[in-house]
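S.K.: This is the structure I want to talk about, given as structure tokens.
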Amino acid sequence: MASEQNVPLPASAPAEIVTQPESVRRLLFTAVGWLLLAELTSGFPVGFVIGALKAAHFQNASLGHPISITVMTWLAGCALLIGVRQRAAIVGHGNRRAGVGDSPIRRWWLLVVLALLAATWAFMAAAAWHGAFPQWVSAWRGQSVWTFIAYIAATVILAPLAEELFFRGWLWTGLRQHWRVFPTALVSCGFWLIVHMERGILVPILLIPVAVMLGFARHFCGLRAAMVVHAVYNFVGDLVLITLVTST
């Protein structure tokens, strides 16, 4: 008789792992935390350097200086990308592309329409901004070509990539696991408008139509389309700035 100890036991079926999506409260608090961290990462080191320069009697150093703005844009964008890398893996349950909702562009015709609308509004908004604050154009006069190149690269490449992956990437994807499209777009685009209040209330007001376009692009065309619309808007705004700076 075979010993009972030698009788093979049936393998038990592995328990199904059910991964629950993060709560809305956790998503929003995490987004606020990363935005504050990006603000500190960009503002604190630049502010420290400016304070040191003023102590050394460089009175032109300020947070509004073109070089300061360029450096802070780069630092903030890199901080957001680090946040996206972490949060996309969590929202996508290990799949970062799923965590940001990355997919091929759909409805190319709508993307073209939105890009044209964004370019038109960028021209009007930039003209209104520079007309209301001529000192912004004056601050850029005399800057080196490398400063312009670094600024354009930050605003046309880095900012659309980082901001769209953050606001309409992992945050949009996480909220869509709980909400319908409209509240998701309202909250994610609202967060995007709030972070642009550092230069005054006029900036987010001018960006409201852009937020609507980006929400439409994200929902109907995909995340990559939102990046394209964002880049087109910033590029046209930069062209207006360069035109005004170089004009006599």
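Laboratory data are not the source of any read-out in this text; all were calculated from the coordinates shown. Here the structure is a predicted model, which means the values were calculated and not measured. Reconstructed Cβ throughout: ideal geometry from the backbone, glycine too, with neighbour counts over all protein chains shown.
S.K.: If you build a Gaussian network model of the chain, linking Cα atoms that sit under 10 Å apart, which residue out of G200, G99, G43 swings the most?
M.R.: Answer for the Gaussian network model of the chain: G200.
S.K.: If the elastic network links every pair of Cα atoms under 10 Å, which of T73, T30, T173 fluctuates the most in the Gaussian network model of the chain?
M.R.: T30
S.K.: Which residue, G174, G142, G237, tops the fluctuation ranking in a GNM of the chain built on C-alpha contacts under 10 Å?
M.R.: Looking only at G174, G142, G237, the largest GNM fluctuation is found for G142.
S.K.: Would you kindly state how much longer the chain becomes between S62 and Q86 on full extension, computed as 0.36 nm times their sequence separation minus their alpha carbon distance, in nm to one decimal?
M.R.: 5.4 nm
S.K.: Related question: Give the angle, between 0 and 90 degrees and rounded to the nearest 10, that separates the Cα long axis of helix 223-246 from the longest principal axis of the Cα atoms of the chain.
M.R.: Tilt relative to the chain: about 10 degrees.
S.K.: Would you mind checking which residues have amide H under 5 Å from S103's amide H? H placed 1.01 Å from N; only 5 or more apart, or other chain.
M.R.: Long-range HN contacts for S103: L223, R224.
S.K.: Distance from a point 7 Å along Cα→Cβ of R97 to each backbone N in segment 210-241: keep the residues under 16 Å and list them by number.
M.R.: Flagged as within label range: 222-225.
S.K.: To the nearest 20 debye, what charge dipole does the chain have about its Cα centre, counting +1 at the Cβ of each Lys and Arg and -1 at the Cβ of each Asp and Glu?
M.R.: 300 debye
S.K.: Compute the helix-to-body angle for 66-91: its Cα long axis versus the longest principal axis of the chain, expressed 0 to 90° and rounded to tens.
M.R.: Orientation of helix 66-91: about 10 degrees from the principal axis.
S.K.: Identify which of the listed values of volume of the Cα convex hull per residue in Å³ was calculated from the structure shown: [x] 124; [y] 142; [z] 185.
M.R.: Only one option fits the structure, namely [z].
S.K.: Please compute the contact order of the chain in relative form: average sequence separation of alpha-carbon pairs under 8 Å and at least six residues apart, divided by the residue count, as a percent.
M.R.: Averaging sequence separation for qualifying contacts and normalising by length gives 27 percent for the chain.
S.K.: List the longest stretch of the chain that has no exposed loop site; here a site is one of the trypsin sites (Lys or Arg not before Pro) assigned by DSSP to anything other than H, G, I, E or B, with at most 13 other Cβ within 10 Å.
M.R.: 1-105
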